Amino acid sequence: MVLNAIKSRQSVRKYSDKPISDEVLNNILEAGRLAPSWVNVQPWKFIVVKSQTTKDLLAEAAGRQAQVKNAQIVICCIADLDDWSKTKFGKVLAQKGLDEATCENIVSSNLLNPSNLGEYEALLRSVEQLTYAVSYMTLEAEEQGVGCCIVGAMANELTKSNSDAAQKIKDSLGLNNKQVLVELLTLGYDANPKPAKKFRKEAKDIIFYEKI
């Protein structure tokens, strides 16, 4: 059951030397590819990093977090603002079988296409979209028995910290100015497996019916 995976999943930061097979990795990536996407725009790219040199750069940009440096694999989760462009967005909509007039109405709508409001709004919506894909990948990693940790504290356009490190990463990953590295997903088999201990707010503190 999915709920069981949610309950047992935890952030794993210490990894064994056991390699992750291509089959397992591809299943994790496929979960991200198939994640829900608002208006089906799918404004994401995933860069699989195995190179220790690149992992060292990513760790530096992430405040020297050890799990980034020591992970078997790091998936760089990219928000691609250009996917909201009329050409790319329109192509995705056309592939769904929508007629030209409907596609035009959607890509021209401020409600359905945040890039019409500006780059900042497109980034906000892209980060939201990317979150779905990352969540799906963490659950598939749990299903595959692979430990993972989501790393969002890093030098990038969102945190506006360490611009030199952020630019080094963009150059290393081949990112253009429309592509933003939002977060990392570090992967590896847990070196010290133990039952998950979750601290979460009580349901009564976060769940309301009709109004707060």
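General observations
- Exposure here means at most 11 other Cβ atoms within 10 Å; with chymotrypsin sites (Phe, Trp or Tyr not before Pro) in a DSSP loop as sites, the longest stretch of the chain lacking them is 1-198.
- Longest to shortest principal axis, alpha-carbon extents of region 116-165, angstrom: 39, 30, 10
- Relative contact order computed over the chain (Cα-Cα under 8 Å; 6+ residues apart), in percent: 35
- Alpha-carbon centroids, region 127-172 and region 173-191: separation in whole Å: 5
- Computed helical MRE - 222 nm, the chain, DSSP H runs ≥ 4 contributing -39500 (n - 2.57), nearest 500: -13000 deg cm²/dmol
- Region 45-114 shape via C-alpha gyration tensor axes, a/c threshold 1.5: prolate
- Over 25 Å [Cα-Cα, region 95-212], rounded percent: 51
- Within-15-Å neighbourhood charge of PRO195 [Cβ basis; K, R +1; D, E -1]: +3
- Calculated P(r) tail over 18 Å for region 1-143, as whole % of Cα pairs: 64
- For region 1-34, backbone nitrogen atoms closer than 18 Å to the point 7 Å from LYS201 Cα along Cα-to-C-beta are found at no residue.
Laboratory data are not the source of any read-out in this text; all were calculated from the coordinates shown. Nothing here was measured: the structure is a model prediction, and the numbers come from that model. Here Cβ is always computed from backbone atoms with ideal geometry, including for glycine, and neighbour counts include all displayed protein chains.
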